[in-house]
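Novice: Have a look at this one before I ask anything.
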Amino acid sequence: MSSDRFQAPDYYQIDDLLTDEHKLIRDSVRDWVKKEVSPIIEEYAQKAEYPIHINKGIAEVGGFGPYIPEEYGGAGLDQISYGLIMQELERGDSGVRSAASVQSSLVMYPIYNYGNEEQRKKYLPKLASGEWVGSFGLTEPDHGSNPGGMITNFKDKGDHYLLNGSKMWITNSPICNVAVVWAKNEEGRIHGLIVERGMEGFTTPETHGKWSLRASRTGELVFDNVKVPKKNLLPNKSGLGAPLGCLDSARYGIAWGAIGAAMDCYDSALRYSKERIQFDRPIASYQLVQKKLAEMLTEITKAQLLVWRLGVLKNENRATTQQISMAKRNNVDMALKIAREARQIHGGMGITGEYPIMRHMMNLESVITYEGTHDIHLLITGMDITGISSFRVDQ
Ligand code: TGC
Ligand code: FAD
């Protein structure tokens, strides 16, 4: 891959809305991505492996638990810093941002918010340092958009719980040391359980043959009469709202992350269009190419303003699920469209690993589906506007 010459667009001087600390954090993650991710990521994506050696670096730049308090190993940062970190990591690759999203918002978040002190102390520092990898098991083979229908269940056996069922499409499953798993108790109430690798009956088969998010490991979590100690139940929240609360935090990070992928595609397309000569002139001189570039920058700028405002609301604890949903849907869709246009501008070169475009484009095909599909988010907005759920006929 050619050297990383990325320059971030900031057409509306959005940097003026950031504090010096925000900019320092953003720039340090950007430098780290240029040095540690860009040179290797194409090779890892091609061989469908996650570069696990970078986990230490992600931890050092604050990517694991950015907003978790420092006493538990987190970085103790605000929500805009968290967003900027996700933006820069996804500028490198959605798989790298995925690793940080899952660890931070889907594993550390529920342990911090729904767990007890013993659980926080046992798991959070190891996850924050990158020593341990976590995964989050909500989706099942027959329950994706409708997680409330899950059939994974646990029974109270006196001194332990007996867990049965399976989860599918789980980021990091093949390499996780610990999984936060959502399952129903005998009354049908959803609870979170911390399942550790090595527990008898717990296996994590890998899903092979992905054309998307290749630099990220995906698999199943299978529970065959797994004896889970009672102390591993997250005690402080239950019901579907518990996993959905984690999703709010992860979806917020994705809304920022997608901008990173979009910026990388735009930046590459702009540079390529100025350097590529056809009919004796740079292709950047042609109106159709300029139209594409102008529209890309307009959409990136709108997305940047959307997440900045959402970050302010989130810092004030005022961001709603529905507002987060809108930003996730809009920004991922925006990034995917930009990746497709950028690929056109690169012509044949756009399909090669010489440029990051095709990798981002394929990655975004997962990002637009996971954490709630594009259409599910549209319907969450629809429900908010009308007060009528399209998911449930009785509501
Ligand atoms: P619904 O009736 O709307 O809600 C059930 C209960 O939950 C409450 N609630 C929330 N609570 C906290 N935070 C939220 N964001 C909440 N949203 C809803 C709600 O108030 C209700 O509480 P109660 O007390 O009344 O029972 O639920 P529903 O079954 O109708 O489903 C609604 C729907 C479709 C919007 C929801 O289930 C949904 O979001 N589906 C999409 C599933 C999804 O996003 N899965 C993601 C899996 S994880 C993943 O993809 C990780 S990828 C990571 C990576 O690699 O980066
Ligand atoms: P389905 O729910 O079957 O949806 C199929 C189609 O039907 C979609 O277009 C959807 O929008 C549409 N649809 C469904 N219901 C409705 C409706 N009511 N109205 C209109 N349209 C509807 N999950 C985890 O728990 N943990 C993870 O770490 C994780 N990582 C993932 C990593 C990758 C690479 C991928 C691809 C997925 C991951 N997921 C994870 C799962 C992801 O969250 C689900 O794929 C997603 O929620 C959609 O579920 P589904 O694939 O079963 O699709």
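The values are calculated or read from the model by the stated rules, or taken from the named source; none is laboratory data. What you are looking at is a predicted structure, and each value in this text was computed from that prediction instead of being measured. Every residue, glycine among them, receives a Cβ derived from its backbone with ideal geometry; neighbour counts consider all protein chains shown. Accessible surface areas use protein heavy atoms only, side chains included; no ligands, DNA or RNA. Shrake-Rupley method; radii C 1.70, N 1.55, O 1.52, S 1.80 Å.
Novice: Using the 2.2 N^0.38 Å rule of thumb for compact globular proteins, work out how the chain stacks up: its C-alpha Rg over that value, please.
Specialist: Output field value: 0.99.
Novice: With n ≥ 4 as the cut-off for DSSP H runs, can you work out [θ] at 222 nm for the chain, using -39500 (n - 2.57) per run divided by the number of residues, rounded to the nearest 500?
Specialist: -15000 deg cm²/dmol
Novice: A follow-up question, please. When only Cα pairs under 8 Å and 6 or more residues apart are kept, what is the percent relative contact order across the chain?
Specialist: Rounded, it is 18 percent for the chain.
Novice: Are there chymotrypsin sites (Phe, Trp or Tyr not before Pro) in the stretch 231-305 that DSSP puts in a loop and that have at most 12 other Cβ atoms within 10 Å, and which ones?
Specialist: Here the chymotrypsin sites (Phe, Trp or Tyr not before Pro) that fit, given the DSSP loop and packing criteria, are PHE279.
Novice: In whole Å, what is the distance between the alpha-carbon centres of the stretch 290-360 and the stretch 88-123?
Specialist: Cα centroid to Cα centroid, the span is 23 Å.
Novice: Can I ask one more? So for the pair ASN236, LYS56, with labels modelled 7 Å out along Cα→Cβ, what separation do we get in nm?
Specialist: My value for the distance between the label points is 3.2 nm.
Novice: Could you do me a favour and compute the accessible area per residue for the stretch 134-232, 1.4 Å probe, result in Å²?
Specialist: Value for the stretch 134-232: 43 Å² per residue.
Novice: Using +1 on the beta carbon of Lys and Arg, -1 on that of Asp and Glu, and nothing else charged, what's the dipole of the chain about the Cα centre, debye to 20?
Specialist: That gives the chain a dipole magnitude of about 340 debye.
Novice: Could I ask something else about it? For helix 241-275, report the angle its Cα long axis makes with the longest principal axis of the Cα atoms of the chain; keep it between 0 and 90° and round to the nearest 10°.
Specialist: The two axes meet at around 20 degrees.
Novice: A further question follows. Angle, helix 321-345 long axis vs. longest principal axis of the chain, Cα atoms, 0 to 90°, nearest 10?
Specialist: For 321-345 against the chain, the angle is about 40 degrees.
Novice: Also, quick follow-up: With each label point set 7 Å from Cα along the Cα-Cβ vector, what nm distance links GLN287 and ILE351?
Specialist: Going by the 7 Å Cα→Cβ label model, 3.0 nm.
Novice: From largest to smallest, what semi-axes in whole angstrom does the stretch 123-178 give when each is the square root of 5 times an eigenvalue of its alpha carbon gyration tensor?
Specialist: Equivalent-ellipsoid dimensions as semi-axes: 23, 18, 9 Å.
Novice: Among THR19, THR321, THR218, which one shows the biggest mean-square fluctuation in a GNM of the chain, springs joining Cα atoms closer than 10 Å?
Specialist: Of the options given, THR19 has the highest mean-square fluctuation.
Novice: So what are the ³J(HN,Hα) numbers for the stretch 99-112, from phi and the Karplus equation (6.51, -1.76, 1.60; θ = phi - 60°), rounded to whole Hz, Gly and Pro as x?
Specialist: 4, 6, 4, 5, 4, 7, 9, 9, 10, 5, 4, x, 5, 5
Novice: Enter the angle in degrees (range 0 to 90, nearest 10) between the Cα long axis of helix 357-367 and the first principal axis of the Cα atoms of the chain, meaning the one along which they spread out most.
Specialist: Between the helix axis and the principal axis of the chain, the angle is about 30 degrees.
Novice: Something else about it: Going through the stretch 294-358, which trypsin sites (Lys or Arg not before Pro) have at most 10 other Cβ atoms within 10 Å and a DSSP loop state?
Specialist: ARG318
Novice: Follow-up. So what is Rg over Rh here for the stretch 163-319, counting just Cα atoms and using Kirkwood for Rh?
Specialist: 1.16
Novice: What GluC sites (Glu not before Pro) in the stretch 235-325 are in a loop by DSSP, with at most 11 other Cβ atoms within 10 Å of the Cβ?
Specialist: GLU316
Novice: Going 7 Å from the Cα of LYS302 in the Cα-to-Cβ direction, what parts of the stretch 327-345 have a backbone nitrogen less than 11 Å from that spot?
Specialist: Within reach of a label on LYS302, which here means backbone N under 11 Å from a point 7 Å along Cα→Cβ, the stretch 327-345 contributes 330-331, 334.
Novice: Another question, then. For ARG189 and GLU365, what is the calculated FRET efficiency with R₀ set at 25 Å and r taken between the beta-carbons, to the nearest 0.05?
Specialist: With R0 = 25 Å, the Cβ-Cβ based efficiency is 0.10.
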